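> Have a look at this one.
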Amino acid sequence: MASSEKIDPTLREVSGTIFDIDQTATHDGPGLRMNVYLKGCPLRCLWCHSPESVAPQPQIVWLDTRCDDCGTCAQICPQGFDPAQMPADERPEDCLDCLLCVQQCPNRALVVKGEQTTAGTIADEAVRLIPFFRRTGGGVTLTGGEPLMQPDFACAVAALCQAQGIHVAVETCGFAPWDSLEKLASVTDLFLYDVKLIDDQHHLEFTGQSNQAILDNLRRLAELAPEVVGRLPLIPGYTDAPEDVKAVGHLWKKLGIDRVWLLPFNPASSGKYTWMQQEYPLADAQVQSESYLQQLVALLRSLGLTVNIGG
């Protein structure tokens with residue numbers, strides 16, 4: 001726990017890029033949470049639940065449910081683009097310097113996902129929620145994207161919050177340099193650590209990265225003081241086979257990580273791919289049945305793990 005007397009005041013000025021804050025979250029940690037969503041992720045998971053979080057920089061996205069095809073954005077674009085037809089990843093960087101389409105869209109169908117802020121601003125918002133945190137046993141959760149894509153910012157926010165007695169959780173995929181994770185661990189109370197697959201070849205194929213750094217970091221993190229809860233996203237046909245789940249369970253047990261969460265597949269993210277004007281890669285995937293989920297729960301419990309379903 002960081003002490004307010006030892007906090008470097010310059011931490012308040014450390015800047016970072018976020019794309020959302022949820023001040024009334026009831027997931028990603030105990031009690032009422034203020035979830036802070038940081039931009040940027042080093043993985044490219046086929047099943048990404050938040051495609052708007054992947055790029056580190058702000059992006060203009062198109063909310064199709066608000067758009068009535070009035071054509072205003074195309075008429076006013078200085079570069080002659082039709083912003084309602086341009087994928088977020090293909091927009092020129094100078095679009096963020098212009099923003100005419102965002103400002104003049106009559107239905108607010110074009111919005112910017114991502115804004116720069118400071119650690120002090122985030123901490124001040126958290127301080128206002130302290131009465132609710134104390135009443136519910138909650139706190140602040142840094143999530144994303146991947147918080148360790150912005151290690152200085154994440155550490156500054158965590159340190160400032162801990163100095164005010166606020167519980168800090170970090171949701172991470174674990175793909176980062178160890179020194180960044182070790183530094184963040186010194187100001188974090190709880191890690192929610194995702195392990196998607198033990199098979200390295202499949203991990204590389206489905207996420208774009210090897211899992212070696214992820215697993216090595218988890219082994220080292222498990223030896224430190226912060227509490228670690230294991231999480232496994234259950235993606236139909238990719239991570240939810242019994243043999244794959246069992247392999248992850250054996251790793252958790254070996255490392256002494258006894259509290260774990262299974263995260264069932266949620267197809268609701270398909271709408272976010274429409275925002276980005278990208279094809280949803282799991283359009284044909286089927287949600288796991290309750291009976292199948294209970295089979296996986298029983299499998300992990302047979303290893304001596306405490307298992308929950310949810311987030």
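Each reported figure results from applying straightforward, stated rules to the coordinates on display, with no laboratory input. Bear in mind that the values here come from a model prediction, so they are computed numbers and not experimental data. Neighbour counts run over all protein chains shown; Cβ positions are idealised from the backbone, glycine included.
> In terms of modelled amide H atoms, which long-range or inter-chain residues lie less than 5 Å from the amide H of Gly139?
Amide H to amide H, under 5 Å and 5 or more residues apart or across chains, Gly139 pairs with Leu32, Arg33, Met34.
> Separate question: Counting other C-beta atoms within 10 Å, which of Trp261, Trp252, Trp178 has the fewest, and how do the rest follow?
Ordered by Cβ neighbours within 10 Å, fewest first: Trp178, Trp261, Trp252.
> Please compute the net charge surrounding Cys70, taking Lys and Arg as +1 and Asp and Glu as -1 over other residues with Cβ under 14 Å from its Cβ.
Net of charged neighbours comes to -2.
> Equivalent-ellipsoid semi-axes (√(5λ), Cα gyration tensor) for the chain, whole Å, largest first?
Gyration-tensor ellipsoid for the chain: 33, 27, 17 Å.
> Could you state the principal axis extents of the C-alpha atoms in the range 196-311, from the largest down, to the nearest angstrom?
The Cα atoms of the range 196-311 stretch 43, 33, 25 Å along the principal axes, largest first.
> Between the range 292-306 and the range 68-98, how far is it from one alpha carbon centroid to the other, in angstrom?
49 Å
> For Lys113, give me every one of the lysines with a C-alpha distance below 18 angstrom, ignoring sequence neighbours fewer than eight places off in its own chain.
Cross-link targets: Lys39, Lys272.
> Related question: By a straight-distance test (C-alpha under 17 Å), which lysines pair with Lys254 as possible cross-link partners, with residues fewer than eight away in the same chain excluded?
Result set, ordered by chain and number: Lys196, Lys246.
> Over the Cα atoms of the range 33-164, how large are the radius of gyration and the largest Cα-Cα distance (Dmax), in Å?
17.8, 54
> Same structure again: Computed on alpha carbon atoms, what radius of gyration and Dmax characterise the range 80-142, expressed in Å?
18.0, 54
> Of all alpha-carbon pairs in the range 35-79, indicate the percentage at a distance above 13 angstrom.
Considering the range 35-79, 69 percent of its Cα-Cα pairs are separated by more than 13 Å.
> Follow-up. Within a 10 angstrom radius of the beta carbon, how do Arg220, Arg128 rank from fewest other beta carbons to most? Could the numbers behind the result be given before it?
Values: Arg220 14, Arg128 10.
Fewest-to-most ranking of Arg220, Arg128: Arg128, Arg220.
> Over all directions, how big on average is the projection of the convex hull of the alpha-carbon atoms in the range 218-285, in square nanometres?
5.9 nm²
> Return a whole-number percent for the relative contact order of the range 59-113, with Cα pairs under 8 Å and 6 or more residues apart as the contact set.
55 percent
> In whole angstrom, how far apart do the alpha carbon centroids of the range 256-282 and the range 18-37 sit?
17 Å
> Could you run the Karplus curve 6.51 cos²θ - 1.76 cosθ + 1.60 with θ = phi - 60° over the range 274-285 and give me ³J(HN,Hα) per residue in whole Hz, x for Gly and Pro?
Calculated HN-Hα couplings, in order: 5, 3, 7, 6, 10, 6, 7, x, 10, 4, 9, 6 Hz.
> Dimensions of the range 123-275 along principal axes (Cα, Å, largest first)?
Here the Cα extents, ordered largest to smallest, are 44, 40, 27 Å.
> If you take all C-alpha pairs in the range 59-113, what percent of them are over 15 Å apart? Intermediate results must be reported in sequence, preceding the final value.
Numbers: 515 of 1485 pairs.
That fraction is 35 percent.
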